Number of protein chains: 2
Amino acid sequence: MTLILNAKDVEQAINMRTIIDQIEKGLVEEYSGHVIVPARVNLPTNNKGFFRVMPAVMNESGYMGFKVFFKSGANNQSSVRYLIGVIDQNENNLEAMMDSHYLTAVRTGATTGLATKYLARENAKTVGVIGSGLEARTNLEAVCAVRNIEYVRVFSPNPNRRALFAQEMSQKLGIKIEAVDSPEMAVQGADIINVCTNTAAAGNRVAFEGKWMSTGVHVNSIGSTMPSMREIDTDTFEKADGIVIDTKHLEEESGDVITAIKNGQYDSSKVTVLPALVSGNIVRKNDAQMTLFKSVGTAVQDIMAARAVYEEAKKLNVGTDVGEFLEAKMF
Amino acid sequence: MTLILNAKDVEQAINMRTIIDQIEKGLVEEYSGHVIVPARVNLPTNNKGFFRVMPAVMNESGYMGFKVFFKSGANNQSSVRYLIGVIDQNENNLEAMMDSHYLTAVRTGATTGLATKYLARENAKTVGVIGSGLEARTNLEAVCAVRNIEYVRVFSPNPNRRALFAQEMSQKLGIKIEAVDSPEMAVQGADIINVCTNTAAAGNRVAFEGKWMSTGVHVNSIGSTMPSMREIDTDTFEKADGIVIDTKHLEEESGDVITAIKNGQYDSSKVTVLPALVSGNIVRKNDAQMTLFKSVGTAVQDIMAARAVYEEAKKLNVGTDVGEFLEAKMF
């Protein structure tokens with residue numbers, strides 16, 4: 001059978017803790033050398049849109065799949081649409097196809113949660129959030145799944161949006177969340193900082209500056225996923241004692257990292273990839289060190305998150321079963 | 001909306017003549033330079049299986065899409081499964097996802113039909129077929145859609161299978177079809193020859209030999225789609241006055257062509273790509289010349305065939321509409 005999961009189905013079948021665990025399994029498999037992830041295919045469409053395809057094959061767990069996402073149309077404001085397909089190698093079957101707009105934000109959050117589990121101080125209790133969009137929400141939720149967070153401060157430029165974030169996420173997570181008037185106020189003294197913006201920063205304008213980092217802090221930054229996008233300054237990279245990146249590709253894809261490299265503030269000897277971190281490489285040596293996690297997303301994260309959603313959807317009996325969708329008759 | 005079409009739905013919505021026309025439109029667009037087709041991604045899976053992804057973007061017609069096909073599983077006899085997704089750039093919408101096992105054979109046939117329309121003699125009336133599988137059927141059907149074929153001879157090694165082919169295809173196409181005892185008998189004097197086998201030929205054993213070609217013949221060969229596969233000998237390339245290939249990639253992908261190049265029997269000055277042929281480049285100069293069409297399949301052929309199926313399916317009201325499958329909400 002093949003299960004079709006639309007946005008509502010996927011949202012019902014999301015369990016953040018399970019997704020974090022599944023992504024961890026996938027990254028351990030990746031580190032062991034059983035995963036094939038080619039460079040993503042990135043094609044230009046009309047009206048400055050794009051069509052991207054990210055396949056991956058996991059030869060230990062026996063899963064494989066693809067993510068397709070695109071943005072096109074005469075209306076420049078049209079959104080990105082995301083599709084993930086998951087194939088079970090053992091059954092030679094396309095087991096699910098799902099909308100992954102919301103899921104992409106969830107897997108980004110879950111990956112941040114996973115990095116935070118290994119990088120933040122054990123006793124971390126406070127989070128400073130910059131950004132109030134979907135990614136800011138899923139990233140906070142994931143951090144709360146791996147640490148006993150008690151208090152959060154949030155800043156984003158629009159007062160209504162940050163107030164709404166504080167109200168809704170406080171209710172969802174059952175912790176105190178306060179909206180504040182500046183990014184400094186949000187991050188000052190926080191044990192963990194989540195920078196989750198989508199600013200295509202003009203010039204050197206960024207949402208977070210390294211000078212705001214204090215002893216023992218862990219910083220997550222997920223919003224600079226293209227060379228043109230920046231959200232943290234280059235000092236952040238220099239101040240961090242340890243840096244973890246979700247993929248080496250990020251060094252050509254993230255404007256933040258590209259700029260830090262250009263400025264000579266990106267010391268490769270401090271950099272570990274996330275699959276190595278979750279496979280036992282220790283980055284934080286003590287509670288005084290400062291750590292930084294940068295991510296752009298990978299197909300393994302997508303496929304493992306989608307697998308977790310698929311398993312949960314089957315349990316909950318959500319989605320549309322289109323039966324033996326892909327024929328396997330021999331001719 | 002997104003329409004899900006399984007094997008039965010697709011079969012109902014196939015109209016060979018429309019598919020030939022749509023592929024022709026796509027190839028004209030390709031020749032005009034508005035199509036982006038990257039090299040296909042080809043990943044190895046467990047148990048000597050594979051996972052392939054072929055995307056394409058068509059920036060004049062505004063369509064794009066992907067074909068995914070795979071073969072995996074402990075059972076080495078497991079079949080290949082095929083999926084095609086078609087996206088309408090203007091609507092920024094995934095309009096259809098369909099099984100494309102049968103459709104792949106149909107689009108291969110349709111592409112042969114298109115080549116035959118431009119390469120075979122106008123007055124061609126007889127076809128010799130080598131092979132009796134699904135591809136042999138769709139290729140014959142397509143040739144009959146572009147020429148007034150009156151009589152067909154078919155050979156394949158299994159007497160029951162070739163008899164069944166003759167009986168079933170005669171009924172389907174309303175013409176006389178005879179099963180014969182050797183490949184020479186099938187092709188002798190035929191105006192058009194279709195070689196449609198899936199022999200992973202050992203050594204130099206091939207299904208068709210150039211010495212069987214006679215004045216004015218047009219030969220189609222579609223079965224050598226991997227370097228390890230061969231179905232026609234290298235003399236065929238030397239004897240042909242004009243050769244048309246569906247894509248330049250074929251020169252690295254088809255065992256037939258690779259071997260002909262190695263033997264010095266593949267004269268590049270005789271070779272034209274199919275998009276150029278359908279855009280007005282003339283290959284057959286007179287009724288005495290011998291021509292050869294070789295194909296391995298391309299993503300543009302797939303997407304245009306899938307689009308034709310989608311339009312027909314909407315008319316016929318077949319398939320499962322899964323609504324606004326991929327969310328486009330802005331966050």
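Structural descriptor for the range B:1-75: relative contact order 22 percent, calculated from alpha carbon pairs under 8 angstrom and at least 6 residues apart. Of all DSSP bridge pairs formed entirely within chain A, close to 50 percent run antiparallel. A Förster radius of 30 Å, combined with the Cβ-Cβ distance separating residue A:188 from residue A:276, puts the computed FRET efficiency at roughly 0.40. GNM remark for chain A: springs join alpha carbons under 10 Å apart, and the peak mean-square fluctuation among A:36, A:222, A:14 falls on A:36. Relative to the other identical copies, residue A:8 shows label-point distances of 2.6 nm, where the label point lies 7 Å from Cα along the Cβ direction and values run shortest first. For residue B:263, the distances from its label point to the matching points in the remaining copies are 6.4 nm, ordered from shortest, with each point set 7 Å beyond Cα toward Cβ.
Give me the angle, in degrees from 0 to 90, between the Cα long axis of helix B:16-31 and the longest principal axis of the Cα atoms of chain B, rounded to the nearest 10. In chain B, helix B:16-31 runs at an angle near 80 degrees to the longest axis. Taking the charge dipole of chain A about its Cα centre, with +1 at Lys and Arg Cβ atoms and -1 at Asp and Glu Cβ atoms, the residue from A:42, A:32, A:159 reaching farthest to the positive side is A:159.
Equivalent-ellipsoid semi-axes for the protein assembly as shown (Cα gyration tensor, √(5λ), whole Å, largest first): 55, 23, 22. Summed over qualifying helices (DSSP H, 4 residues or more, each -39500 (n - 2.57)) and divided by its residue number, the protein assembly as shown shows a 222 nm mean residue ellipticity of -10500 deg cm²/dmol.
Taking 24 Å as the limit for the C-alpha separation, the pairs A:67/A:172; B:8/B:71; B:117/B:314; B:71/B:117; A:211/A:262; A:71/A:262 exceed it in the case of A:67/A:172; B:117/B:314; B:71/B:117; A:71/A:262. Residue exposure proxy: B:126, A:111, ordered by other Cβ atoms within 10 angstrom of their Cβ from fewest to most, comes out as B:126, A:111.
Net charge dipole, the protein assembly as shown: roughly 80 debye, given to the nearest 20, about the Cα centre with Cβ charges of +1 for Lys and Arg and -1 for Asp and Glu. In this rough spin-label picture, where each label sits 7 Å from Cα along the Cβ direction, the residue A:287-residue B:262 distance is 6.8 nm. Between the amide H of residue A:241 and those of A:290, A:291, distances stay under 5 Å, these residues lying 5 or more places away or on another chain, with hydrogens modeled in the peptide plane. Against chain A, whose longest principal axis comes from its Cα atoms, helix A:159-173 is set at around 70 degrees. Short-range pairs are left out: with C-alpha atoms under 8 Å and at least six residues apart, the relative contact order of chain B is 22 percent. Fewest neighbouring Cβ atoms within 10 Å first, the residues A:304, A:1 line up as A:1, A:304.
Taking other Cβ atoms within 10 Å as a rough exposure proxy, A:295, A:268 sort from fewest to most as A:268, A:295.
Mean sequence separation of contacting Cα pairs (under 8 Å, at least six apart), scaled by the length of the range B:1-128, corresponds to a relative contact order of 26 percent. Placing a label point 7 Å from Cα along the Cα-to-Cβ axis, residue A:160 is separated from the same position in the other copies by 7.4 nm, shortest listed first. For the residues of A:28-41, the average number of beta carbons from a partner chain within 10 Å of their own beta carbon is 2. Overall, the anisotropy analysis places the range B:100-249 in the rounded class: the square-rooted eigenvalues a ≥ b ≥ c of its C-alpha gyration tensor yield a/c less than 1.5. Counted over the protein assembly as shown, the DSSP beta bridges are approximately 50% antiparallel.
Here, each number is a calculation from the coordinates, and none is a lab measurement. Just so we're clear, the structure is a prediction, and the values are computed from it rather than from any experiment. So basically every Cβ, Gly included, is an ideal-geometry build from the backbone, and we count neighbours across all protein chains shown.
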